[in-house]
Amino acid sequence: MKTTRIAATAALIAAAAIGLSACASSGASSSPSGSGTSTSGSGAALSGTITAGGSSAQANVQTAWTTGFTAANAGVKVNYDKSQGSGGGVTNFLAGSYDFAGTDASLKPDQFTKAKTTCGADGALDIPVYLSGVAIIYNLPGVTGLKLDATTIAKIFAGKITTWNDPAIAALNSGATLPGTAITVVRRSDGSGTTANFTTYLHQQDPTDWSWAAGTAWPTIPGDKSSGQQGGSGVVGAVTAGSGTIGYADQSAIGTATAAQIEVGTSGTFVDYSASGATAAFDAAAQDASQGAGDLTVSLDYTKIMATSAYPIPLLSYDVVCKTFKNAAQGALTKAYLTYVTSSAGQQLAAANAGAAPLPDSTLTKIAASLAEVK
């Protein structure tokens with residue numbers, strides 16, 4: 001993704017961004033439609049620096065949002081550190097170093113409680129900002145259109161299937177010439193929300209072969225020979241530079257890497273990632289898991305994704321923010337940015353530049369109500 005492309009797209013929504021930022025800077029809530037209509041009419045200029053970081057899955061989309069937002073608010077600078085991963089982002093947020101943290105896994109209950117020390121009695125909010133998918137990428141010379149089901153994926157990443165011509169893989173790929181070379185699994189070495197989403201999928205779909213609980217850290221697997229890499233870009237780089245490699249990453253980060261087609265449930269239908277597929281999966285799998293007033297934590301039940309129009313491994317990513325900032329001006333600035341991110345304009349920019357699926361209008365309405373409480 002090139003910055004010039006982002007800037008060109010951002011220019012189309014600059015008017016909306018101006019209206020949204022003016023609304024948020026006045027302390028009034030804005031409509032999630034991204035229409036650009038200010039309820040205050042103040043047109044107050046925004047200025048200052050937002051410091052954030054975390055999810056590497058959000059790297060491309062945060063670049064797009066930052067470009068779009070600062071195009072309309074020249075006095076604002078947004079620093080988002082993608083190198084931290086979701087785990088590092090949450091850690092730095094709870095330490096008081098970030099205005100918000102990007103994470104592909106909502107705060108754990110103990111982290112949600114700890115946020116009351118960081119933010120004050122009102123605590124923090126998990127705000128969904130980005131709907132995407134976990135891609136299974138591979139590099140196997142001479143093999144394209146690889147098809148995988150949940151059980152085979154679980155066995156590969158658990159080290160139970162170790163060669164590419166294993167009968168389980170061959171059965172799913174009739175007609176393909178699969179080499180007898182070893183499979184090299186590449187996974188995240190850092191705390192990762194993408195790992196949390198992926199291991200949730202594995203554990204829910206095949207708890208026999210993937211008996212480890214879901215989590216942001218890769219589990220300790222006996223005899224594990226996988227290659228741990230920092231960040232989604234590290235996984236993608238290792239997979240594409242290797243041979244016989246396989247890994248997982250947010251679809252927006254895979255670049256020219258080859259992604260496998262994933263079976264939907266046990267339907268026998270294998271699909272590529274698509275934004276519409278992520279939306280269909282979210283509609284089927286999303287369940288309210290709020291941890292407190294205004295919190296918008298969502299749990300995904302991957303076993304409910306059965307429609308062949310859906311992508312089987314959706315990924316929902318959050319920005320975590322204090323409900324009450326110790327510095328009111330910084331709170332208003334951060335609120336303005338997140339209001340833009342979760343507007344229709346911001347979601348469309350995410351779709352155009354990161355292949356994301358815009359969050360449903362019903363979710364954006366809930367987000368607007370939660371952000372209205374940030375101060």
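The values are calculated or read from the model by the stated rules, or taken from the named source; none is laboratory data. What you see is a predicted model, and the numbers here were worked out from it, not measured in a lab. We place every Cβ from the backbone using ideal geometry, glycine too, and count neighbours over all the protein chains shown.
Kindly indicate which of ALA170, ALA214, ALA238 is part of a loop (DSSP other than H, G, I, E, B) and not acidic (Asp, Glu). Step through it out loud before you land on a result.
Working: ALA170 fails: part of a loop (DSSP other than H, G, I, E, B); ALA238 fails: part of a loop (DSSP other than H, G, I, E, B).
Matching residue, one of ALA170, ALA214, ALA238: ALA214.
If I filter the stretch 246-268 for residues that are within 27 Å of THR118 (Cβ to Cβ), in the same structural domain as LEU172 (by TED's automatic domain parsing) and in contact with a strand residue (DSSP E or B) (Cβ under 8 Å, 6 or more places away or on another chain), do I get at least one hit?
At the first step, the residues of the stretch 246-268 found to be within 27 Å of THR118 (Cβ to Cβ) are 250.
Next, only the ones that are in the same structural domain as LEU172 (by TED's automatic domain parsing) stay: 250.
Now narrow it down to the ones that are in contact with a strand residue (DSSP E or B) (Cβ under 8 Å, 6 or more places away or on another chain): 250.
Within the stretch 246-268 (the criterion being within 27 Å of THR118 (Cβ to Cβ), in the same structural domain as LEU172 (by TED's automatic domain parsing) and in contact with a strand residue (DSSP E or B) (Cβ under 8 Å, 6 or more places away or on another chain)), the answer is yes, since at least one residue qualifies.
I'd like the residue in the stretch 315-365 that is hydroxyl-bearing (Ser, Thr, Tyr) and part of a loop (DSSP other than H, G, I, E, B) and, out of all such residues, is surrounded by the fewest Cβ atoms within 10 Å (Cβ to Cβ). So that I can check it myself, show each step before the final result.
The initial filter retains those residues of the stretch 315-365 that are hydroxyl-bearing (Ser, Thr, Tyr), namely 317-318, 324, 334, 337, 339-340, 342-344, 362-363, 365.
Keeping just the survivors that are part of a loop (DSSP other than H, G, I, E, B) gives 324, 342-343.
Values: THR324: 15, THR342: 29, SER343: 28.
Ranking the qualifying residues of the stretch 315-365, first place goes to THR324.
Just the residues that are over 23 Å from GLY85 (Cβ atoms) and either in a loop (DSSP other than H, G, I, E, B) or assigned by TED's automatic domain parsing to the domain that holds SER56 (or both), please, taken from the stretch 138-158.
LEU140, PRO141, GLY142, VAL143, THR144, GLY145, LEU146, ASP149
Can you tell me which residue is surrounded by the most Cβ atoms within 10 Å (Cβ to Cβ) among those in the stretch 99-142 that are farther than 30 Å from VAL186 by Cα and hydrophobic (A, V, I, L, M, F, W, C)? Before the answer, list the steps.
So the first thing to find is which residues in the stretch 99-142 are farther than 30 Å from VAL186 by Cα, and the list is 99, 112-125.
From what's left, hydrophobic (A, V, I, L, M, F, W, C): 112, 115, 119, 121, 124-125.
Working: PHE112: 19, ALA115: 25, CYS119: 21, ALA121: 8, ALA124: 28, LEU125: 31.
Within the stretch 99-142, the match that is surrounded by the most Cβ atoms within 10 Å (Cβ to Cβ) is LEU125.
If I go through the stretch 51-94 residue by residue, how many of them are of a type in the set (Gly, Ala, Ser), part of a helix (DSSP H, G or I) and farther than 16 Å from THR339 by Cα? Show your work before the answer.
Residues of the stretch 51-94 that are of a type in the set (Gly, Ala, Ser), as a first pass: 52-57, 59, 64, 68, 71-72, 74-75, 83, 85-89.
Add one more test, that the residue is part of a helix (DSSP H, G or I), and what stays is 59, 64, 68, 71-72, 83, 85-89.
Filter once more, so that each one left must be farther than 16 Å from THR339 by Cα: 59, 83, 85-89.
Residues in the stretch 51-94 being of a type in the set (Gly, Ala, Ser), part of a helix (DSSP H, G or I) and farther than 16 Å from THR339 by Cα: 7 in total.
Six or more apart or on different chains, Cβ atoms under 9 Å: show the pairs whose first residue is in the stretch 184-213 and assigned by TED's automatic domain parsing to the domain that holds ALA238 and whose second is aromatic (Phe, Trp, Tyr) and surrounded by fewer than 19 Cβ atoms within 10 Å (Cβ to Cβ).
Pairs that qualify, where the first residue is assigned by TED's automatic domain parsing to the domain that holds ALA238 and the partner is aromatic (Phe, Trp, Tyr) and surrounded by fewer than 19 Cβ atoms within 10 Å (Cβ to Cβ), are THR199/TRP212; LEU202/TRP212; HIS203/TRP212.
Which residue out of ALA135, ALA115, ALA176 is in contact with a Leu (Cβ under 9 Å, 6 or more places away or on another chain) and under 30 Å from SER343 (Cα atoms)? Give the steps one after another, and end with the answer.
Values: ALA135 fails: in contact with a Leu (Cβ under 9 Å, 6 or more places away or on another chain); ALA176 fails: under 30 Å from SER343 (Cα atoms).
ALA115 is the lone residue from the list that is in contact with a Leu (Cβ under 9 Å, 6 or more places away or on another chain) and under 30 Å from SER343 (Cα atoms).
For the stretch 79-120, which positions are closer than 16 Å to GLY292 by Cα and free of Cβ contacts under 8 Å to residues at least 24 places away in the same chain?
LYS108, ASP110, GLN111, THR113, LYS114, LYS116, THR117
Yes or no: GLY180 at pLDDT below 95 and either surrounded by fewer than 22 Cβ atoms within 10 Å (Cβ to Cβ) or touching a helix residue (DSSP H, G or I) at 6+ places or on another chain (Cβ under 7 Å) (or both)? Show your work before the answer.
On the way: at pLDDT below 95: no; either surrounded by fewer than 22 Cβ atoms within 10 Å (Cβ to Cβ) or touching a helix residue (DSSP H, G or I) at 6+ places or on another chain (Cβ under 7 Å) (or both): yes.
No; evaluated as a whole, the condition is false for this residue.
Taking into account only those residues within the stretch 173-202 that are assigned to a helix (DSSP H, G or I) and among the aliphatic types (A, V, I, L, M), which is nearest to THR216 (Cα to Cα)?
Taking the stretch 173-202 first, the residues assigned to a helix (DSSP H, G or I) are 193-202.
Within this subset, residues satisfying the condition of being among the aliphatic types (A, V, I, L, M) are 196, 202.
Numbers: ALA196: 4, LEU202: 13 Å.
Filtering the stretch 173-202 for residues that are assigned to a helix (DSSP H, G or I) and among the aliphatic types (A, V, I, L, M), the one nearest to THR216 (Cα to Cα) comes out as ALA196.
Which is within 21 Å of TYR311 (Cβ to Cβ) and under 19 Å from the mean Cα position of the chain (by Cα), of SER189, SER276, SER267, SER233?
Numbers: SER189 fails: within 21 Å of TYR311 (Cβ to Cβ); SER267 fails: under 19 Å from the mean Cα position of the chain (by Cα); SER233 fails: within 21 Å of TYR311 (Cβ to Cβ).
Of SER189, SER276, SER267, SER233, the one residue that is within 21 Å of TYR311 (Cβ to Cβ) and under 19 Å from the mean Cα position of the chain (by Cα) is SER276.
Quick test for you: out of ALA280, ALA259, ALA275, pick the one residue that is aliphatic (A, V, I, L, M) and without any contact (Cβ under 8 Å) to a residue 60 or more places away in the chain.
Details: ALA259 fails: without any contact (Cβ under 8 Å) to a residue 60 or more places away in the chain; ALA275 fails: without any contact (Cβ under 8 Å) to a residue 60 or more places away in the chain.
On inspection, the qualifying residue turns out to be ALA280.
Need pairs with beta-carbon distance below 7 Å; first residue farther than 16 Å from LEU140 by Cα and within the stretch 153-174, second of a type in the set (Gly, Ala, Ser); sequence gap 6+ or separate chains.
So the pair list comes out as LYS155/ALA168; GLY159/GLY223.
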